[in-house]
Structure formats: structure tokens, C-alpha cells
Amino acid sequence: MTTVSEKLLTRAEETGTPGPAEPPDRAVPLLSLRGVRIADGSDGREIVHGVSFELTPGKVVGIVGESGSGKTLTCRAALGILPPHFEVTGGSVEIEGTDISTLTPTRWTALRGATISAVFQDPASYLNPSLRIGRQIAEVVRVKKGLGRRAARERVLALLRAVHLRDPELVHDQYPFELSGGMLQRVLIAAAIAADPRILVADEATTALDVTVQAEILDLLADLRERAGLALVVVSHDLAVVAQLCDEVLVMRRGEVVEQGPTRAVLDDPRHDYTRLLISEHEQYGLEKFLGRPGEES
Ligand SMILES: Nc1ncnc2c1ncn2[C@@H]1O[C@H](COP(=O)(O)OP(=O)(O)O)[C@@H](O)[C@H]1O
Ligand SMILES: [Mg+2]
């Protein structure tokens, strides 16, 4: 089976045309959350009151909702990286059929990056300010892929090209402070896909970026899904992002999933007042453009 970055890199290097898409493996979900509850262990307060969804190859699940509604905690639970004191107190998270609560630290280390990976907001805080970009991604490639120095360099350059950074050779030798927010976010995506994950969690990955760069990053994610069957969890407080990218959407409010379903159904025919409120708030940002509502020229 061809991996995410292989397909991407092939395309980026323009060596031949991509073949027909492989039939997705629908047997075991890549990621499955069932009634996940998360509590703050310091006071026992439950913060997330049951989240369920299933991710199959190429599927994109969106989580929307106001700030503080539990979107990031849900992602962190799926990645096994809840903040200190927080714990999953109910339900289960399975990655490729394995309940993550049974994973040893060693197994987790093997899974992270290689099976499930993530990109968060504020890319600068995830990079070491004193190391050149190339070296930071090379570290992932060398550890996860076991490549030698030269092969790692080649792969890093190809990854930087694959996320559409214009001058990969230059970026390779630059420090984080020399890059714009949009470039840093691309670098983080390059690092996140460096080990060919099957699942990518993008938590507000485009929130801090201006609209144009945001659109470019979303295109890039859509591309990864299309070309390589990458499954995505996309968290955003922006309904337009979800309308553009997601097959299924979960609307969260105060730790509760108030509405969930196919994106079109939820956005065209919302059942919950809170979803309706979110939609009306976003109407002015051109949601119709993404939905292509009947009666409107596109
Ligand atoms: N590291 C943390 N320490 C203390 N409280 C936290 C922490 N992370 C999240 N919370 C609390 O948990 C709730 C949900 O947070 P979060 O999942 O980050 O929301 P969202 O991503 O939807 O904005 C919030 O009320 C927040 O204050
Ligand atoms: Mg968040």
C-alpha cells in the first residue's frame, strides 16, 4: 500500500500521474470514540460528557463549537495526551481496533506520528526556536523511518515541497523566527505527515492564519485526504471550514455533543438551536459559497 507522503511526494515531484484511488479499507475503523467522557481529576468535575464518532480511511470528521466546549480535550484524549490531572472517565478510544487504554508507553511511541498525528494552533510553540527547520523534521524522519542523514535530508526537502513551501532548500536552513505563521503551519504539517500517519488531527490548525493562507492549508488537507486516503479530525470554531472539508460534523457546547450528522444535513437542516445560532453567526462569512445552496450562482 502506498503511504501518505509517498503519494504526496510523487505528485510533488511530478513523476508520473497518480493511479486510480485504492478502495478504502472499511473493515476496522482507524479511530473510534465511543461515549468518551473526560474529567478534571483535580476536582472530579466532568468536562466532556460523551463523544462518539468513527473515522474510516479518507473520512473527515469536524468538531465545531464555542471556545471551552471541550474540542481540544476530545482530540487530546484521542491522541492519549490529556493535560495533567485530566482523565478519560467513561467510554473508549480505539485506534485501528486497539483500545488505547491498553497501550504501553512503547506502543504509544510507535503509534504517534506513524498512525495518528496532530497539528495544533500556534505552530511556533511546537518548534524548537534554536534549531533549523530541516533538522527538526529530519529528527522525525530519522527516528520514525530509520533513515540515514542523507536520505533524511532528501525526504525532508520533498516534504517541504509537498506542503507547497516555495523554496524548500531555503526553508530547510532557516530558523522558526524567520518564517511567517502560514509557513510555520505548513512546516508543522510536513512534520506531522513525515511518518505517514493514517489519521491527522488538525485542531484549529488554520485559526491564526489570514483567510488566504487558511484556504491554502485547507486545500492541502483536502489534497492529503484525496490523494492518500488520510483520515482527518478537523476542529474549528469556523463553520465555513467544516462546510468545506468535513463529511460528518459534531456540534459541541459545554462538553456536550448537541448535534451530529452528515455535514450537509446538519448545516442545511439544523435540529438544535445552538447549531442554528452558529450558522446565523457565520452567514455573513459566506457559508453559502461553500454549501452551494440551490438558487445561487457559483
Ligand atoms: N490544561 C488545562 N487546565 C485546566 N483546564 C483546562 C485545560 N484544558 C482545558 N481546560 C478546561 O476544559 C474545558 C474545555 O477546554 P477545551 O477542550 O480546550 O475547549 P475548546 O478546545 O473547545 O476551546 C474548558 O473549560 C477549559 O477551561
Ligand atoms: Mg481548543
Residue in segment 27-41 that is most open to solvent (accessible area, probe 1.4 Å), counting only those that are over 14 Å from Ile95 (Cα atoms) and more than 16 Å from ligand 2 (Cβ to nearest atom): Arg37
Are any residues in segment 163-208 touching a helix residue (DSSP H, G or I) at 6+ places or on another chain (Cβ under 6 Å), more than 16 Å from ligand 2 (Cβ to nearest atom) and polar (S, T, N, Q), and if so, which ones? Gln174
In the set Val4, Val51, the lone residue that is of a type in the set (A, V, I, L, M, F, W, C) and modelled with pLDDT of 95 or more is Val51
Being open to solvent by 40 Å² or more (accessible area, probe 1.4 Å) and at pLDDT 95 or above is the filter; apply it to segment 71-81 and report the residue that is farthest from ligand 2 (Cβ to nearest atom). Arg76
Sort out which residues of segment 90-106 are more than 16 Å from ligand 1 (Cβ to nearest atom) and within 21 Å of the chain's Cα centre (by Cα), and write them in order of number. Ser92, Glu94, Ile95, Glu96, Gly97, Thr98, Asp99, Ile100
Answer from Gly68, Gly91 - the residue that is open to solvent by 50 Å² or more (accessible area, probe 1.4 Å), touching a strand residue (DSSP E or B) at 6+ places or on another chain (Cβ under 6 Å) and not in a helix (DSSP H, G or I): Gly91
Name the one entry in Ala151, Ala215, Ala208 that is within 16 Å of ligand 1 (Cβ to nearest atom), more than 11 Å from the chain's Cα centre (by Cα) and surrounded by fewer than 19 Cβ atoms within 10 Å (Cβ to Cβ). Ala208
Restricting to segment 268-287, name every residue that is in a helix (DSSP H, G or I), open to solvent by less than 40 Å² (accessible area, probe 1.4 Å) and either among the polar types (S, T, N, Q) or at pLDDT below 75 (or both). Thr275, Leu287
Quick check on my filter: what residues within segment 154-180 are surrounded by 16 or more Cβ atoms within 10 Å (Cβ to Cβ) and assigned to a helix (DSSP H, G or I)? Arg155, Val156, Leu157, Ala158, Leu159, Leu160, Arg161, Ala162, Pro168, Val171, His172, Pro176
Please determine whether any residue of segment 211-231 is within 29 Å of Val156 (Cβ to Cβ), touching a helix residue (DSSP H, G or I) at 6+ places or on another chain (Cβ under 9 Å), of a type in the set (Ser, Thr, Tyr) and not in a helix (DSSP H, G or I). no
Matching residues in segment 68-89 (more than 6 Å from ligand 1 (Cβ to nearest atom) and in contact (Cβ under 8 Å) with a residue 12 or more places away in the chain) number 12
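Regarding segment 97-109, can at least one residue be identified that is in contact (Cβ under 8 Å) with a residue 40 or more places away in the chain and surrounded by 14 or more Cβ atoms within 10 Å (Cβ to Cβ)?
The answer is no, given that none of the residues of segment 97-109 is in contact (Cβ under 8 Å) with a residue 40 or more places away in the chain and surrounded by 14 or more Cβ atoms within 10 Å (Cβ to Cβ).
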In the set Glu248, Glu226, the lone residue that is farther than 24 Å from Ile81 by Cβ and of a type outside the set (A, V, I, L, M) is Glu226
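The values are calculated or read from the model by the stated rules, or taken from the named source; none is laboratory data. Source: prediction; values computed, not measured. Note that each Cβ is placed from the backbone with ideal geometry, even for glycine, and that neighbours are counted across all protein chains shown. Please note that ligands, DNA and RNA were not included when accessible areas were found on the heavy atoms of the full protein model with its side chains. Shrake-Rupley method; radii C 1.70, N 1.55, O 1.52, S 1.80 Å.
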